[in-house]
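Undergrad: Following this message is one structure expressed as structure tokens.
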Amino acid sequence: MGTDLSLTHGIDRVLQVWQQMAADNEMSHQTYDKFGLLLRRLGRYATVRGALLIGDVTPALIEDFVNAKGHSRHGDVSDAAVATRLLRRSVVRAAFRTLREIGLSDQDPARDIVLPARTHDGVRALTEDEMVELRHHASFTTRPTRHAAAAALALAGGHSGEIGHIVVGDLDLSHRKVWMHGSGKYDPRWCRLDGWGRHVLAERARHVSAEHPDPKSARLAVSSRPSSDAALQARACVALKDLLRRIGLDGEPDVKPASITATAAAAAFQATGRIEEAARSIGLRSLDRAAAIIGHDWRCDPAYTDGMVPRA
């Protein structure tokens, strides 16, 4: 481990790494700002409680931080919302993953903190820190990999049954989008690419085009050899499962390749507040199903029910 194990130094180093990740599009600048704000808040919270070294940050302290009461928009002190607690835990886990990578800690004090998960049929969307970790581990070193392409397509909103069919000709990099072909369950649609996804798919397209120059048949995430639909889906799933294993999520029963796709729907809803945009982003025809996938109970939407469950 490093020689300076003070919490202040550790936080500074983490923020430096995150800043570089934001520059590499592995973390959005919005996420960097949000995570940085919360990490500094954690530093102040820990210091007040006498935790001056990284090793002083115990699971009990982190649990108190994650579950700490907050102020409502009316100024009242109240229990923190589940979304707020999930975000706090995400920041802590992301920070300690980074500290482990740079050799300043071997801890994960938030590992055993259990919070309510928003799931649908046993599948949940990835948390924000998990998305960052997925991009980080999918990023190629010497060449653009099929794993990175599969992750980029799934994060854009592609399902495992669609990802194997995506070819170079489906990319519109100038407008940062990719055409998803749809299937019996999902509508064809354009999906937006974030900065990381655009970079990954542009590099992957150059790589596969060198070996298979026809953009109409050069697949991005799997081999361009003739294959059945089932085989293409299986290969896409294998690539995504491998990435989930690399970031330590293979043992979580509610995390599956579909979790990566569900993350796109959750992001669309968070950005717009419109469930139809969440459905459209992943090609769903049912708004109820889209709401279930992202854990949104529209029947209890305070804008329409004042937070109360409607009478049957």
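The values are calculated or read from the model by the stated rules, or taken from the named source; none is laboratory data. Note that the coordinates shown come from a computational prediction; the quantities given were computed from them, not determined experimentally. Ideal geometry is used to build each Cβ from the backbone, glycine not excepted, and the neighbour counts take in all protein chains shown. Note: areas computed on protein heavy atoms with side chains; ligands, DNA, RNA excluded. Shrake-Rupley method; radii C 1.70, N 1.55, O 1.52, S 1.80 Å.
Undergrad: What does the helix-only formula give at 222 nm for the chain: each DSSP H stretch with n ≥ 4 adding -39500 (n - 2.57), the total divided by the residues, and the result rounded to the nearest 500 deg cm²/dmol?
TA: -16000 deg cm²/dmol
Undergrad: For the chain, with every protein chain kept in place, what is the accessible area per residue (1.4 Å probe, Å²)?
TA: About 52 Å² of surface per residue is accessible.
Undergrad: A further question on this structure: What Rg and what Dmax come out for region 77-170 when only alpha-carbon atoms are used, in angstroms?
TA: 16.6, 54
Undergrad: Compute, for residue 47, the solvent-accessible surface of its heavy atoms (probe 1.4 Å) with the complete set of protein chains present, and express it in square angstrom to the nearest 10.
TA: The accessible area of residue 47 comes to roughly 70 Å².
Undergrad: Quick one, can you get me the convex hull of the C-alpha atoms of region 234-281 expressed as volume per residue in Å³?
TA: 84
Undergrad: Now for a different question. Residue 231: net charge of surrounding residues, Cβ under 15 Å, Lys/Arg +1, Asp/Glu -1, itself excluded?
TA: +2
Undergrad: Ok, one more. Radius of gyration and Dmax for the chain's Cα atoms, expressed in Å?
TA: Spelled out, the Cα radius of gyration and Dmax of the chain are 20.7, 63 Å.
Undergrad: Ok, one more. Along the principal axes of its C-alpha atoms, what lengths does region 184-266 span, in descending order and rounded to whole Å?
TA: 40, 30, 29
Undergrad: From the C-alpha coordinates alone, can you work out the Kirkwood hydrodynamic radius of region 100-231, in Å?
TA: Kirkwood radius, region 100-231: 16.4 Å.
Undergrad: Between beta-carbons, use under 12 Å as the cut-off and find the net charge around residue 244, counting Lys and Arg +1, Asp and Glu -1.
TA: Summing Lys/Arg as +1 and Asp/Glu as -1 gives -2.
Undergrad: Where does the charge balance sit around residue 37 when Lys and Arg score +1, Asp and Glu -1, over other residues with C-beta under 15 Å from its C-beta?
TA: +1
Undergrad: Residue 183: accessible area at probe 1.4 Å, nearest 10 Å²?
TA: 60
Undergrad: Rolling a 1.4 angstrom probe over the protein chains, ignoring ligands and nucleic acids, what is the accessible area of residue 128 in square angstrom, nearest 10?
TA: Roughly 40 Å² of residue 128 is accessible to a 1.4 Å probe.
Undergrad: If amide hydrogens are placed 1.01 Å from N in the peptide plane, which non-local residues have theirs closer than 5 Å to the one on residue 218?
TA: For residue 218, the qualifying residues are 168, 169.
Undergrad: Once the convex hull of the alpha carbons of region 177-220 is built, what does its volume come to per residue, in cubic angstrom?
TA: Cα convex hull per residue, to the nearest whole number: 72 Å³.
Undergrad: Normalised by the number of residues in the chain, what is the relative contact order in percent for Cα pairs under 8 Å and 6+ residues apart?
TA: 17
Undergrad: Further question on the same structure: Counting only protein heavy atoms and using a 1.4 Å probe, what share of the accessible area of the chain belongs to carbon plus sulfur, as a whole percent?
TA: So the carbon and sulfur contribution to the accessible surface is 51 percent.
Undergrad: Pop a pseudo-label 7 angstrom from the Cα along the beta-carbon direction at both residue 179 and residue 143 and give the gap in nm to one decimal.
TA: Taking the simple label geometry, residue 179 and residue 143 are separated by 2.8 nm.
Undergrad: Can you list the lysines whose alpha carbon sits under 25 Å from that of residue 177, skipping same-chain ones fewer than 8 residues off?
TA: 185, 216, 241, 256
Undergrad: What do you get when you divide the Cα radius of gyration of region 1-148 by 2.2 N^0.38 Å, with N the number of residues?
TA: Taking the Cα Rg and dividing by 2.2 N^0.38 Å, one obtains 1.10.
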